[in-house]
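Okay, structure first, notes after.
The values are calculated or read from the model by the stated rules, or taken from the named source; none is laboratory data. Only a predicted model underlies this, so the values are computations on that prediction, with no experimental measurement involved. Don't worry about glycine lacking a Cβ; one is built from the backbone with ideal geometry, like all the others, and counts go over all protein chains shown.
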Amino acid sequence: YLSAVEGLPKTPQDRDIDVELPSDVDDDFVTADEYLLTLPGEPTGMLLFVSLIKVVRVLSNTLEILY
């Protein structure tokens, strides 16, 4: 995000990252053996973070096309 605002090259590059997005579950529902899903329509604590990552990916792709 700051790279776009300041006009600097972005680091790291998206193509260099090969990890999955974090699971969209609350920490309260994670146990040593499993994690339980929340009710449909219930937002989780991770929803904002996962959504932000997706928006930044769109911004990153846009910057690659422009520059």
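Taking segment 1-17 as the range and being part of a loop (DSSP other than H, G, I, E, B), over 13 Å from the mean Cα position of the chain (by Cα) and surrounded by 10 or more Cβ atoms within 10 Å (Cβ to Cβ) as the test, the residues that pass are 10, 13. The test for being surrounded by 12 or more Cβ atoms within 10 Å (Cβ to Cβ), in contact with a helix residue (DSSP H, G or I) (Cβ under 9 Å, 6 or more places away or on another chain), of a type outside the set (A, V, I, L, M) and in contact (Cβ under 8 Å) with a residue 60 or more places away in the chain does not hold for residue 60. Could we say that residue 57 is at pLDDT below 85, out of contact with any strand residue (DSSP E or B) (no Cβ under 7 Å at 6 or more places or on another chain), part of a helix (DSSP H, G or I) and among the basic types (Lys, Arg) here? Taking the combined requirement at face value, the residue does not satisfy it.
Do we have residue 28 as without any contact (Cβ under 8 Å) to a residue 24 or more places away in the chain, part of a loop (DSSP other than H, G, I, E, B) and not hydrophobic (A, V, I, L, M, F, W, C) here? For residue 28, the condition - without any contact (Cβ under 8 Å) to a residue 24 or more places away in the chain, part of a loop (DSSP other than H, G, I, E, B) and not hydrophobic (A, V, I, L, M, F, W, C) - is not met.
Taking segment 18-50 as the range and being within 19 Å of residue 61 (Cβ to Cβ) and exposed (fewer than 10 other Cβ atoms within 10 Å of the Cβ) as the test, the residues that pass are 18, 19, 20.
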